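Heads up: the structure comes next, in structure tokens.
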Amino acid sequence: MKVAVIGCTHAGTAAITNILSMYPEAEIDVFEKNDNVSFLSCGIALYVGGVVENPEGLFYASVEAFEKQGVRMHMQHAVTSCNTTAKTLEAKDLKTDKITRYEYDKLIITSGSWPVTPPIPGSNLDNVQLCKNFHHANEIIARSEAAEKIVVVGAGYIGIELVEAFEQAGKHVTLVDSEDRILNRYLDEEFTRPIETTLAEKGVNLALSQTVNSFQGKDGKVSQVVTSKASYDADLVIMCIGFRPNTELFAGQLDMLNNGAINVDEYMRTSSPDVFAAGDCCAVAYNPSQQQAYIPLATNAVRMGTLTAYNLVRPRLAHPGTQGTSGLKIHQHNISATGLTASAARAAGIAVSSAMIEDTYRPDFMPDNAVLKLKVVYEQESHRIVGAQVISDADFTQAMNTLSVSIQNNMTIEQMAMTDFFFQPHYNKPWNYLNQVCLEAMKKEQEKQTARTLKQVVGT
């Protein structure tokens, strides 16, 4: 069995590793544009900020190790064409420009994503940088040493983490985003407000509700960012607007979402026989909305890559869907979220309600305690939990893993309210905070029902 793998970051690495153990007779050809594999891009900000001193720790697999196991690693090779009907592809050696044709029995597309790059005038100026791979990280570190004024464009996870890293390095940092608050895709306003306050107190200039119109420069190097509201001096600009699927090669050959994300079934099969896809290049079943969605996360990628190997010969193990669970630490704030925010649910046309608690997590008689803010979002009609968020100076991020499981299993607020959790004063209260927030949701629903009943009585 000849297996061709296009791309080798998280999904590709997971697929290859499992194919080697499941199908030792397989002939594997891997095509990767970069000169490395398995780079943990989520560690870029930690690397830039000096928390991670040895960048080798950001890789968990190597070309050499795969080659020792018989994998043919075509590094710095770009696949220039692919015929999914004829089961052939052509790859260009980026070092020599030589193009070679290959045949395969099974194709695994793990081509990942690439940063969104709007056609902003001046984008070609020196020191306007992308942030995606290992080479980008090294460029950012090298260029930031001499930079004093840094503008980060995009207030998602990567952008916020870079802002913190640059601020802690003593840089003057401006954060630009078209939305009126940071992290709006992941958190509701009650959870973004404390982070914004902290960033502002640390001296970060939050340039929100404005878009970048152009980059201005001197002697070919960026010097100013011009937005729809103001202009900001800049020695270095980092673009973190978002990511798009890297799938142009398969346009017209495979079913895709409007943004180019490849559609796959629960066994990672595409619309073409013997062609699989996994990771940031494809859509995934999103349990909160019960629809396909584009959610580029490392957790999704390794899971999908592993499932590709399991289902390579025959359907064996189905994907359970994802909740898009994520976490973040910014200064003293420990934040995590799963599923839909209340604002995202409403934007998607899903009628939801929510409940929130802000309370200490241990009994008041304990000498040390911490406050957490926890919110649960649930469908109005069914009471099915569809999302949750938590923030605290202490670490309660694992609570979102529990609520992720509840969403995956279609649990209601009533079921979670009565779920059995242990009690020990060192760790929690007799009612665990997960029980507590769902009890609050039940209380709100009971108050609504009472109000409706009273209205009907008065009406009669």
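At-a-glance table
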quantity	calculated
Sequence of Cys42, Cys438 when ordered by accessible area, the most exposed leading, probe 1.4 angstrom	Cys42, Cys438
Of Leu125, Asn287, Met73, farthest towards positive along the dipole that unit charges on Lys, Arg, Asp, Glu beta carbons give the chain	Asn287
Estimated dipole of the chain in Debye, rounded to 20 [Cβ of Lys and Arg +1, of Asp and Glu -1, Cα centre]	820 debye
Selection of GluC sites (Glu not before Pro), region 1-87, meeting DSSP coil and at most 11 other Cβ within 10 Å	Glu25, Glu53
Probe 1.4 Å - accessible area at Leu206, Å² to nearest ten	50 Å²
Rg and Dmax of region 229-303, Cα atoms only, in Å	16.0, 53
Under 22 Å from the Cα of Lys329 - lysines, other chains or at least 8 residues apart	Lys132, Lys171, Lys202, Lys373, Lys375
Mean-position separation - Cα centroids, region 141-202 and region 443-457, in angstrom	44 Å
Sum of -39500 (n - 2.57) over DSSP H runs of 4+, divided by residues of the chain (222 nm, nearest 500)	-8000 deg cm²/dmol
Dipole magnitude of region 326-459, debye to nearest 20 (Cβ charges: Lys/Arg +1, Asp/Glu -1, about Cα centre)	380 debye
Extended-chain gain in nm, criterion 0.36 nm per residue less alpha-carbon gap, Ser231 and Glu145	28.7 nm
Separation between Cα centres of region 221-284 and region 356-384, rounded to whole Å	36 Å
Given 16 as the ceiling on other Cβ atoms within 10 Å, longest exposed-site-free region of the chain for trypsin sites (Lys or Arg not before Pro) in DSSP loops	317-460
When the convex hull of its Cα atoms is projected in every direction, mean area for region 326-459 (nm²)	9.8 nm²
Percent carbon-and-sulfur accessible area, the chain, ignoring ligands, DNA and RNA, probe 1.4 Å	49 percent
Sum of side-chain charges, Asp93 neighbourhood, beta-carbon under 14 Å (Lys, Arg +1; Asp, Glu -1)	+1
Stretch gain in nm, segment Glu90-Asp35, where the contour uses 0.36 nm per residue and the Cα spacing is subtracted	17.9 nm
Summed residue charge, Cβ within 13 Å of Val390's Cβ, Lys/Arg positive, Asp/Glu negative	-3
Volume per residue of the C-alpha convex hull in region 128-286, rounded to whole Å³	147 Å³
Phe421 accessible area, 1.4 Å probe, all protein chains in place, Å² to nearest 10	60 Å²
18 Å cut-off, amide nitrogen to a point 7 angstrom out along Glu189 Cα→Cβ, residues in region 329-365	341-348, 352-357
Cα→Cβ-extended label distance, 7 Å offset, between Glu248 and Gln424, nm	5.6 nm
Additional length obtainable on full extension of the chain from Arg346 to Glu179, 0.36 nm per residue less Cα span	58.4 nm
Computed accessible area, Met73, all protein chains, 1.4 angstrom probe, square angstrom	20 Å²
The chain, accessible area per residue, ligands and nucleic acids excluded (1.4 Å, Å²)	46 Å²
Net charge of Cβ neighbours under 14 Å - reference Leu340; Lys, Arg +1; Asp, Glu -1	+2
Label zone at Asn258 (point 7 Å along Cα-to-Cβ), backbone N below 19 Å, region 286-323	286, 289-296
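The values are calculated or read from the model by the stated rules, or taken from the named source; none is laboratory data. This is a predicted model, so every value here is computed, not measured. Positions of Cβ are generated from backbone atoms using ideal geometry, with glycine treated the same way; all protein chains shown enter the neighbour counts. We work out accessible area using only protein heavy atoms, side chains counted, and drop any ligands, DNA or RNA first. Shrake-Rupley method; radii C 1.70, N 1.55, O 1.52, S 1.80 Å.
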